[in-house]
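The values are calculated or read from the model by the stated rules, or taken from the named source; none is laboratory data. It should be emphasised that the depicted structure is a prediction, and the values quoted were computed from it without experimental measurement. Cβ sites come from the backbone with ideal geometry, for glycine too, and all protein chains shown count toward neighbours.
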Amino acid sequence: MDEAITNFVKRKYNLLIGERTAETIKIQIGTAYHDEEVRTMEIKGRDLVAGNPKVLQVNSEEVREALAEPINAILEAVKTTLERTPPSWPRTLWTRGSSWPGRVPSAQPGRPDPGGDRPSGNHHGRSSLRRGVGVRKSAG
C-alpha cells in the first residue's frame with residue numbers, strides 16, 4: 001500500500017517521497033471508503049522535474065484513489081479464498097478464531113479464546129507456544 005501511495009504521488013505531482021512518508025500518509029489520512037470529512041496533510045518530497053525540495057497538500061480522497069488497486073486485490077483474494085473453502089470453515093473461523101502452529105491467536109471481544117489450555121498433542125494456540133519455548137529453552 002505504501003508503494004501505491006508513493007507511485008500515485010510520483011505520477012500525479014512529479015514528487016518523490018520516501019517509504020516513511022507514504023506510510024505516514026496511509027496511517028494519518030488513508031481510507032478505503034468514501035468519508036464525508038476530507039482530511040488533508042502536508043507532505044515533503046523532491047520535485048522530479050526541478051530536483052528541488054517541494055511541499056504540497058494531499059487529501060484523503062486522493063489517498064483513497066491511490067489505495068483502490070491494492071485494496072481491491074486484497075478483497076478479490078479473500079473472496080476467491082472463501083469461494084474455495086468448505087462452507088463450515090468461515091463460520092468456524094468466526095466463532096473459534098484462527099491459530100497457526102506456534103503462534104498465539106489474537107483474542108477478540110465477544111468471541112471465545114481458541115488458544116486456551118488444551119490437551120497435550122494439540123499444536124495450536126498458547127499451549128503449543130509454551131511447549132515450543134520450553135523445548136527451545138531445554139535444548140539451548
Residue list for the stretch 16-52, filter: under 10 Å from ILE5 (Cα atoms) and out of contact with any strand residue (DSSP E or B) (no Cβ under 8 Å at 6 or more places or on another chain): GLU19, ALA22, GLU23, LYS26, GLY30
Output for the stretch 55-71, where each listed residue is over 13 Å from the mean Cα position of the chain (by Cα), over 16 Å from LYS10 (Cβ atoms) and in a helix (DSSP H, G or I): SER60, GLU61, ARG64, ALA68
Residues of the stretch 1-23 classified as over 21 Å from ASN72 (Cα atoms) and surrounded by 17 or more Cβ atoms within 10 Å (Cβ to Cβ), total: 4
Selection status of GLY45, out of contact with any Gly (no Cβ under 6 Å at 6 or more places or on another chain) and part of a strand (DSSP E or B): yes
So ARG46, is it out of contact with any helix residue (DSSP H, G or I) (no Cβ under 8 Å at 6 or more places or on another chain) and of a type in the set (Lys, Arg): yes
Enumeration of residues in the stretch 1-41 that are outside any strand (DSSP E or B) and hydrophobic (A, V, I, L, M, F, W, C): MET1, ALA4, ILE5, PHE8, VAL9, ILE17, ALA22, ILE25, ILE27, ILE29, ALA32, VAL38
Residue match in the stretch 99-106 (condition: surrounded by 10 or more Cβ atoms within 10 Å (Cβ to Cβ), of a type in the set (A, V, I, L, M, F, W, C), at pLDDT 75 or above and out of contact with any strand residue (DSSP E or B) (no Cβ under 7 Å at 6 or more places or on another chain)): no
